[in-house]
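**Student:** Take a look at the following structure, please.
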Amino acid sequence: MVNNMDYEQMVEFVKDYFESHDALGTQLTYRYPFRRRFDHCLRCSIWAHRIAVTEGADPEIIRISALFHDIGKSVDFATEGHGQVGAKICSDHLSSISYDQHGTLFVHPSIESA
């Protein structure tokens, strides 16, 4: 289970990852010049968590998956295929913080299909 401190560390990881790997792409200038990719992922995570709680889904898995769902775009700038890249980045990070392996099994495919 992820406590708030662990989640905040994940948020910082995603923010830092976008800033260090996607300096030119942090702005969604092609459609929304006022939004950064990190901000988009954070908003998705917040809203997905709310929906998961309301609908009876696993809010932890949903919150983490939504947070990491576009991180692959920082490496693979094409929109297709970024899910697989993001799933690998997320899985590696979750392993590095000793996140529950059972949870990782659910997070990985949900990001991979993003």
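The values are calculated or read from the model by the stated rules, or taken from the named source; none is laboratory data. Every value quoted in this text rests on a predicted model; they were computed, and no experiment measured them. Neighbour counts are summed over all protein chains in view; Cβ atoms, including those assigned to glycine, are modelled from backbone coordinates with ideal geometry.
**Student:** Which condition from (1) surrounded by 12 or more Cβ atoms within 10 Å (Cβ to Cβ); (2) modelled with pLDDT of 85 or more; (3) more than 11 Å from the chain's Cα centre (by Cα) is the one that Glu8 breaks?
**Tutor:** All conditions are met except number (1).
**Student:** On the basis of being of a type in the set (Gly, Ala, Ser), modelled with pLDDT of 90 or more, crowded, with 16+ Cβ neighbours inside 10 Å and in contact with an Asp or Glu (Cβ under 8 Å, 6 or more places away or on another chain), does Ala52 make the cut?
**Tutor:** Yes, satisfied.
**Student:** Identify the single condition in (1) over 13 Å from the mean Cα position of the chain (by Cα); (2) crowded, with 19+ Cβ neighbours inside 10 Å; (3) not in a loop (DSSP other than H, G, I, E, B) that Ser95 does not satisfy, given that it satisfies every other one.
**Tutor:** Condition not satisfied by Ser95: (2).
**Student:** Working carefully through the options Ser20, Ser110, Ser98, find the one that is at pLDDT below 90 and at positive phi.
**Tutor:** Ser98
**Student:** Within the stretch 93-108, can one find any residue that is touching a residue at least 12 places away in the same chain (Cβ under 8 Å), within 16 Å of Gln9 (Cα to Cα) and among the charged types (D, E, K, R)?
**Tutor:** There is at least one residue in the stretch 93-108 that is touching a residue at least 12 places away in the same chain (Cβ under 8 Å), within 16 Å of Gln9 (Cα to Cα) and among the charged types (D, E, K, R).
**Student:** Return yes when Ser74 is at pLDDT 85 or above and under 19 Å from Asp16 (Cα atoms) and no when it is not.
**Tutor:** Details: at pLDDT 85 or above: no; under 19 Å from Asp16 (Cα atoms): yes.
No.
**Student:** Name the one entry in Thr79, Thr104 that is at pLDDT below 90, polar (S, T, N, Q) and part of a helix (DSSP H, G or I).
**Tutor:** On the way: Thr79 fails: part of a helix (DSSP H, G or I).
Just a single option satisfies the conditions, and that option is Thr104.
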